Amino acid sequence: MFLQQLINGLTLGGVYALVALGYTMVYGILELINFAHGEIYMLGAYIGIIALGLFTAWGWTAAAPALSLLAAVAVAAVYCGAVGATVERLAYRPLRRAHRLTPLISAIGVSIVLQNVVMLTQGSADKVFPRLSDAPTTFAVAGATVSALQLWIVGISAALMGSLHLLIRKTRLGLAMRATAQDPRMASLVGVPVNRVITATFVIGSALAAVAGVMVGLYYGVVNFFIGYVAGIKAFTAAVLGGIGNVPGAMLGGVILGVLEGLGAGYLSNEYKDVIAFVILILVLIVRPTGLMGERIPDKV
């Protein structure tokens with residue numbers, strides 16, 4: 001049971017890490033908790049359903065299921081990236097110099113708007129993901145069962161997290177993002193296009209959340225307009241656990257939270273797995289508010 005729940009936990013942990021990266025990247029640059037990020041994740045799941053439904057109707061999933069899945073993920077990532085850029089431009093940028101509480105209220109408002117738009121356009125009933133194959137492939141590993149979908153989720157999550165780390169550390173955009181996070185005013189004085197960097201941060205974070213939404217929809221088989229709330233809280237917990245504003249910390253926090261949830265569901269009860277996230281959030285805020293990899297830094301002026 002331990003190995004089985006560990007595998008399940010790693011699968012969920014990879015998804016939590018992808019969503020947590022959006023929270024921590026935006027906070028690292030703007031010191032803003034983007035509470036609409038969970039709804040971007042939910043929107044990605046719905047776009048994935050629509051894309052896979054079209055591919056199934058056209059016969060693509062039967063001919064090339066893996067390519068169809070990658071195409072659906074790409075469509076969801078591009079669409080949600082555009083939504084993220086729009087949200088930043090309309091709801092956050094005009095309030096950048098306002099009181100710190102004002103953008104937070106705006107974020108909550110955007111979350112409510114996106115949730116209700118999806119409910120009104122797609123209905124309140126659960127949506128079922130199309131099956132990519134009628135015969136799911138599974139593998140036996142030391143008595144535990146691993147599905148091909150779990151391998152896909154873990155592999156895609158690891159590849160995206162590794163790619164993001166390289167982008168931040170090895171590219172000009174990554175250098176500009178780090179400079180903007182450290183001191184946006186000084187970064188603009190030396191020629192960094194701060195507004196474009198912030199928009200790129202929202203686009204990247206939203207695209208990662210969309211990929212996570214598609215993968216979770218495939219994993220559980222159904223989605224609804226309310227899944228963004230719970231997933232957003234858990235991803236935020238993962239970001240706080242690892243150290244809000246710290247990209248490697250968000251990855252670590254997501255994996256740890258997923259593993260703890262998996263073990264808790266196996267050894268305690270599946271009904272209490274959501275409680276684990278909130279207990280962890282409370283304990284981290286009490287014992288180590290900066291998170292596992294966070295550092296105390298002075299406030300920006």
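The values are calculated or read from the model by the stated rules, or taken from the named source; none is laboratory data. In this text the structure is predicted, and so the values were computed from the model without any measurement. Note that each Cβ is placed from the backbone with ideal geometry, even for glycine, and that neighbours are counted across all protein chains shown. Calculation scope for accessible area: heavy atoms of the full protein, side chains included, ligands and nucleic acids excluded. Shrake-Rupley method; radii C 1.70, N 1.55, O 1.52, S 1.80 Å.
Just a few scattered comments:
- Residue that is farthest from GLY291 (Cα to Cα) [pool: residues in segment 46-65 that are open to solvent by less than 50 Å² (accessible area, probe 1.4 Å) and free of Cβ contacts under 8 Å to residues at least 12 places away in the same chain]: GLY59
- All positions within segment 27-45 that are open to solvent by less than 10 Å² (accessible area, probe 1.4 Å) and part of a helix (DSSP H, G or I): HIS37, GLY38, GLU39, ILE40, MET42, GLY44, ALA45
- Residue identified as loosely packed, with under 13 Cβ neighbours inside 10 Å, at pLDDT below 95 and aliphatic (A, V, I, L, M) among LEU120, LEU149, LEU104: LEU120
- Hey, VAL287 of a type in the set (Val, Ile, Thr) and surrounded by fewer than 18 Cβ atoms within 10 Å (Cβ to Cβ) or not: yes
- Helices (runs of 4 or more DSSP H) wholly inside segment 183-292 that include at least 1 residues being within 28 Å of LEU132 (Cα to Cα) and of a type outside the set (D, E, K, R): 194-220, 227-242, 247-267
- Boolean, VAL146 is touching a strand residue (DSSP E or B) at 6+ places or on another chain (Cβ under 8 Å) and either in a strand (DSSP E or B) or within 20 Å of LEU43 (Cβ to Cβ) (or both): yes
- Test for GLU39: is it in contact with a Leu (Cβ under 9 Å, 6 or more places away or on another chain) and among the acidic types (Asp, Glu): yes
- Pairs meeting the criteria (first residue in segment 212-230 and without any contact (Cβ under 8 Å) to a residue 24 or more places away in the chain and within 22 Å of LEU70 (Cβ to Cβ), second residue crowded, with 17+ Cβ neighbours inside 10 Å and not polar (S, T, N, Q), beta carbons under 7 Å, at least 6 apart or on different chains) are lacking.
- Members of segment 164-194 found to be open to solvent by 60 Å² or more (accessible area, probe 1.4 Å), within 22 Å of the chain's Cα centre (by Cα), of a type outside the set (A, V, I, L, M, F, W, C) and under 26 Å from ALA36 (Cβ atoms), listed by number: HIS165, ARG178
- The single condition from (1) farther than 30 Å from PRO94 by Cα; (2) open to solvent by less than 20 Å² (accessible area, probe 1.4 Å) that TYR267 fails is (2).
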